[in-house]
Amino acid sequence: MTRLTTAEKILKAAHKLFEREGADAVTMRRVADAVGITPMAIYRHFPNRDALLKKLSDDSFNGVAHEWESRSRNPDVLKRLMALLEPYLDYALTHPHLFDHAFSVRRDDARRYPEDFRAGRSPTFNVALDAVIEGMARGVLKPDDPHDVTMTIWAHQHGLIALYRAGRFSYDEAQFRVFYLQSLRRLLDGIKT
């Protein structure tokens, strides 16, 4: 078994606190206590708390992107886009604190639309964008700005999840999942040729 580096131990402890209690729980003192080091020792690896939270957020984005990439191999573009919708919902429901920090909380380091997304700086967005571009090139999707279309799909699914998590649906999780996928199918049907 490989021994974790101090930086990896710090990230693991911070991640555990984040998952359990949210971003506010990730203090240098609590992370240091969990790792068994002094709070000042963390600064050898992360210049400040924001850098530590950014690393957690970036790792979170990359994990979601990796999951999306594994589902993006279907040659049928519409099936591929539908397959990308479930991991986002799964992530939101399984990791609500990380999801909120990554996608719902205002942060100075968050990517901004359109410039950061058009520059390819979002690993999750890029996977969906590739499918949309391919769909338009194959004539499966109506011609349009692929970045705007991808953002529309993302905003639709994110909005549904935000409403569900805010208690705006009387559905249980299984019922919501069915509604979520049907709603997104309707959206995709509207952009098909």
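Run the helix sum for the chain: -39,500 (n - 2.57) per DSSP H stretch of 4+ residues, divided by residue count, reported at 222 nm to the nearest 500 deg cm²/dmol.
-22000 deg cm²/dmol
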For the stretch 131-141, take each phi angle, set θ = phi - 60°, evaluate the Karplus expression 6.51 cos²θ - 1.76 cosθ + 1.60, and give the result in whole Hz per residue in order, putting x for glycine and proline. 5, 5, 4, 4, x, 5, 5, 7, x, 7, 10
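Working out 0.36 nm times the residue gap between R3 and D144, then minus their Cα-Cα distance, what length gain in nm do you get to one decimal?
Values: separation 141, 0.36 × 141 = 50.76 nm, distance 5.00 nm.
Here the answer is 45.8 nm.
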Need the full-extension length gain, N48 to A174, defined as separation in residues times 0.36 nm minus the C-alpha distance. One decimal, nm. 41.3 nm
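What relative contact order, as a whole-number percentage, does the chain give when Cα pairs under 8 Å and 6 or more residues apart are counted? Could you put the intermediate results ahead of the total?
Working: 153 pairs, mean separation 35.7, N = 193.
19 percent.
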List the residues whose amide H sits under 5 Å from the amide H of L141, counting only those 5 or more places along or on another chain, with H placed 1.01 Å from N in the peptide plane. M136, T193
Sequence order, the stretch 24-30: Karplus ³J(HN,Hα) from phi using 6.51 cos²θ - 1.76 cosθ + 1.60, θ = phi - 60°, Hz rounded, Gly and Pro as x, gives 4, 6, 7, 9, 4, 5, 5
Given Cβ point charges of +1 (Lys, Arg) and -1 (Asp, Glu) and nothing else, what value in debye, to the nearest 20, does the dipole of the chain about its Cα centre take? 260 debye
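Multiplying the sequence separation of T152 and L93 by 0.36 nm and subtracting their Cα-Cα distance, what value in nm do you get? Walk me through the intermediate numbers first.
Details: separation 59, 0.36 × 59 = 21.24 nm, distance 2.11 nm.
Going from the current span to full extension adds 19.1 nm.
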So if I take the centroid of the Cα atoms in the stretch 114-162 and the same for the stretch 1-22, what is the distance between those two points in Å? 32 Å
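Accessible area per residue, 1.4 Å probe, Å², for the stretch 1-156: what's the number? Kindly include the intermediate steps, with their values, before the conclusion.
Details: 8540 Å² over 156 residues.
Accessible area per residue, the stretch 1-156: 55 Å².
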Loop only by DSSP, 15 or fewer other Cβ within 10 Å of the Cβ. Give me the trypsin sites (Lys or Arg not before Pro) in the stretch 1-76 that pass, ordered by residue number. R3, R44, R73
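On the accessible surface of the chain, probed at 1.4 Å, how many percent belong to carbon and sulfur atoms? Intermediate results must be reported in sequence, preceding the final value.
Details: 5570 of 10750 Å².
That share works out to 52 percent.
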Read-out percent of Cα pairs over 21 Å apart, derived from the coordinates shown; its label in (i) 51; (ii) 47; (iii) 57: (iii)
Calculate the radius of gyration of the Cα atoms of the stretch 30-94 to one decimal place, then report Dmax, the largest Cα-Cα distance, as a whole number, both in Å. 17.5, 53
Taking the chain as a Gaussian network, Cα atoms linked when under 10 Å apart, which of P47, P123, P87 shows the biggest mean-square fluctuation? P47
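The values are calculated or read from the model by the stated rules, or taken from the named source; none is laboratory data. Because the structure is predicted, anything quoted here is derived from the model rather than measured. Backbone-built Cβ (ideal geometry, glycine too); neighbour counts: all protein chains shown. With ligands, DNA and RNA removed, areas are computed over all heavy atoms of the protein, side chains included. Shrake-Rupley method; radii C 1.70, N 1.55, O 1.52, S 1.80 Å.
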